[in-house]
Structures are given as structure tokens and as C-alpha cells.
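S.K.: Sharing a structure with you now.
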Amino acid sequence: MGDPSTAVLDDPDLVLGALHPLRRRLLAHLDEPDSAVGLARALGLPRQKVNYHLRALEDLGLVTEVERRPRRGVTERIVARRHDVVLVDPVVLAPGTDAGDRRSLAAAIAAGIDVVRRAAAISRAAVARGQRAASLTVDGEVRIADPAALRALASDLADLLARHDRPDVDGAMRFTVTTVALPAPPTTPAGAIDGR
């Protein structure tokens, strides 16, 4: 089975349309395909209202019709959520992010945006092929004595990547590696926040 299908919303109008509270509730209830009638019953809402918002979700590309069933003289449309995971591209919420200074928080935000975009594209491709995508995530905390030690950590990480890079091996798997060091949450002692 492939990785979950992921959508990245990078258009402000699309984000606004998807963030409507009722539409988010409908997406949450579509773990299994259902109809406007079934969703209206589950949420205690008028069918017409549910149907209106389902149509809007279809227009946004987040919901798709998967079946039609005859029901009491009418045709009941069964819809399903198109993606298991829906992410909002941070650039929509923080436009103008500049990655010029590698030590700035703007660079960290830009790197995070790039990771989200790439991971979503890889996930979509893997799902389309019915495969899983190999990946590795390392998350941890380190205590750095001073700015010089932070620079030394960056140098060590670059050396580590160079040591594991094998361009001489035919068919070697290619990976991109993004490392972001952020100040720990405010529960850490004062002074750890300023890494300059």
C-alpha cells in the first residue's frame, strides 16, 4: 500500500474555501465514502446545506464522486475525500519568505515550505505507482554551548553528508537532506534563544 495521498493548498482562495468550518467537518466525516443524506444525518444538518458545501469541496478538488445509487426515485451521489492529508503551504500565510540568510528564521521557514512541497509531490507519485517512498526523519534536541559550537555543528553535518554521498555507485538511491536547527521552546533557559 502506498503512502497517504497528500494535497498541498498553495492558492489563498483555495485555502479560504477549504477552511470553512462546515467543510472541514465534512472532510473529517468522509473517512468512508458517503452521500449528502448520510452526512446530513450524521451531522444533524439540512441535506441542502450539506450538498451545497460538498459541491464546493468538489470544485476545490478535495472531494470526488465515486458512485451513483438509485434511491426512492432519485439518484444519490456518493462522494469520497480525495486526499488523506491536506496541508496548507506556509507561503500562503507568510508570503515573501526570504532564505538569503541561512541563520535566519525566514530561511528555516523557506526550508520547511520546500520540504512540505517535495514530500507531498513524492507522496502523490508513490500513491500513483502503488508504492511506498523510502524516507528518513530524525528529530532531536541538542544543547549548544555558544555560537561557535553552532557553526561547528553545521560543519560536522556537512561533512557527514559528504561522507555518505556515493556518486560512484551505479543505481545509488538519491535523497535530499534538509537540516533545520531552531531554538527550543521557551521552557529552555533564557539565552538559548539567541543563537547568533
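S.K.: Taking a 1.4 Å probe, which of V138, V177 shows the most accessible area, and what order do the others take after it? Walk me through the numbers on the way to the answer.
M.R.: Values: V138 125, V177 90 Å².
Correct descending sequence by accessible area is V138, V177.
S.K.: Also, I was wondering about something else. If I build a Gaussian network model for the chain, linking alpha-carbon pairs within less than 10 angstrom, which residue out of D146, D170, D114 has the largest mean-square fluctuation?
M.R.: D170
S.K.: Run the numbers for D170 and R117: contour at 0.36 nm per residue of separation, minus the present Cα-Cα distance, in nm. If you can, show how the numbers build up before the last one.
M.R.: Working: separation 53, 0.36 × 53 = 19.08 nm, distance 2.77 nm.
Net length gain for the segment: 16.3 nm.
S.K.: Heavy atoms only, probe 1.4 Å: what % of the accessible area of the chain goes to carbon and sulfur, would you let me know? The partial results should precede the final answer.
M.R.: Numbers: 7610 of 14080 Å².
Within the chain, the accessible surface is 54 percent carbon and sulfur.
S.K.: I'd like the distance separating the alpha-carbon centroids of segment 1-78 and segment 122-144, in whole Å.
M.R.: 28
S.K.: Moving to a separate point now. What does the charge count near A162 come to, summing +1 for each Lys or Arg and -1 for each Asp or Glu among other residues with Cβ under 14 Å from its Cβ?
M.R.: On the way: positive: R163, R166; negative: D156, D159, D165, D168.
Counting the neighbours of A162, the net charge comes to -2.
S.K.: What number comes out for the charge environment of E76, summing +1 per Lys or Arg and -1 per Asp or Glu over other residues with Cβ under 14 Å away?
M.R.: On the way: positive: R41, R47, R68, R69, R71, R72, R77; negative: D34, E65, E67.
With Lys, Arg at +1 and Asp, Glu at -1, the neighbours total +4.
S.K.: Something else about it: Could you sort L43, L57, L182 by accessible area so the largest value comes first, with the probe set to 1.4 Å? Write down the numbers at each step before the final one.
M.R.: Details: L43 20, L57 0, L182 110 Å².
Sorted descending by solvent-accessible area, the residues read L182, L43, L57.
S.K.: What share of the DSSP beta bridges in the chain is antiparallel, in percent to the nearest 5?
M.R.: Numbers: 10 of 14 bridges.
For the chain, the DSSP antiparallel bridge percentage is about 70.
S.K.: Still on this structure, please answer the following. Using modelled amide H (1.01 Å from N, peptide plane; none on Pro or chain starts), what sits under 5 Å from the amide H of V88, excluding residues fewer than 5 places away?
M.R.: L9
S.K.: Work through the residues other than R47 whose Cβ is under 14 Å from its Cβ and net out their charges, Lys, Arg +1 and Asp, Glu -1. Don't jump to the answer; show the numbers that get you there.
M.R.: Numbers: positive: R41, K49, R55, R71, R72, R77; negative: D34, E76.
That works out to +4.
S.K.: Solvent-accessible area per residue for segment 101-154 at a 1.4 Å probe radius, Å²?
M.R.: Working: 4140 Å² over 54 residues.
I get 77 Å² per residue for segment 101-154.
The values are calculated or read from the model by the stated rules, or taken from the named source; none is laboratory data. Source: prediction; values computed, not measured. Backbone-built Cβ (ideal geometry, glycine too); neighbour counts: all protein chains shown. With ligands, DNA and RNA removed, areas are computed over all heavy atoms of the protein, side chains included. Shrake-Rupley method; radii C 1.70, N 1.55, O 1.52, S 1.80 Å.
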